[in-house]
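Engineer: Please find one structure pasted underneath; my questions will follow.
Please treat every number below as a calculation from the coordinates, not as lab data. Remember, it's a predicted structure, so these values are computed and weren't measured experimentally. Quick reminder, even Gly has a Cβ in these numbers, built from the backbone with ideal geometry, and neighbours come from all protein chains shown.
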């Protein structure tokens, strides 16, 4: 039995196991395994918490994206309404300006027409005065002039009373 190598292997194994148990290796291994399990559980809990936070952030960003799209559409709609209103205002102002300029042109035309009529009348008056002066100068005698003056004085008295 003492010469059998299997016996000595068995004795060595038993002594090794006794030494390991006496030194508290199983408790150390168990403690290490428990610590490792606790660390893994802590990491899993942290990962779960981070995942939940990420989901919350994702929901917030999706909501913000939806809001941003709605706000962008609202801005585009407001810009369209503003542009249409500005176009209507510009058309109205253009119509008023065209009307005002047309009136000013009509006034200038009327003024030019009045000036032309006045110029024609003045020229006609000058021509008529010159013609009358020439006719009177050629046909009027002293006796005829006296008779015309007396007639005008008589007519004046009748017109004044």
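Engineer: Just to verify a number: FRET efficiency for residue 57 and residue 80, C-beta to C-beta distance, R0 = 41 Å, to 0.05?
Structural biologist: The value I calculate is 0.75.
Engineer: Most mobile of 63, 38, 102 per a Gaussian network model of the chain (Cα springs, under 10 Å)?
Structural biologist: 38
Engineer: Using the Kirkwood radius built from alpha carbon pairs, what does the Stokes-Einstein equation give as D for the range 46-105 at 4 °C and 1.567 mPa s, in µm² per second? If you can, show how the numbers build up before the last one.
Structural biologist: Details: Rh = 15.7 Å.
This corresponds to a translational diffusion coefficient of 82 µm²/s.
Engineer: Pick from 111, 70, 27: which is most flexible by mean-square fluctuation in a GNM of the chain where alpha carbon atoms under 10 Å apart are linked?
Structural biologist: Of 111, 70, 27, the Gaussian network model singles out 27 as fluctuating most.
Engineer: Still on this structure, please answer the following. Using Cα atoms only, what is the angle between the long axis of helix 25-139 and the major principal axis of the chain, expressed in degrees (0 to 90) to the nearest 10?
Structural biologist: Here the helix axis deviates by roughly 10 degrees.
Engineer: Students often get this wrong, so try it: which of (1) 1.24; (2) 4.13; (3) 1.42 is Cα Rg over 2.2 N^0.38 Å as calculated from the structure shown?
Structural biologist: Computed from these coordinates, Cα Rg over 2.2 N^0.38 Å corresponds to label (2).
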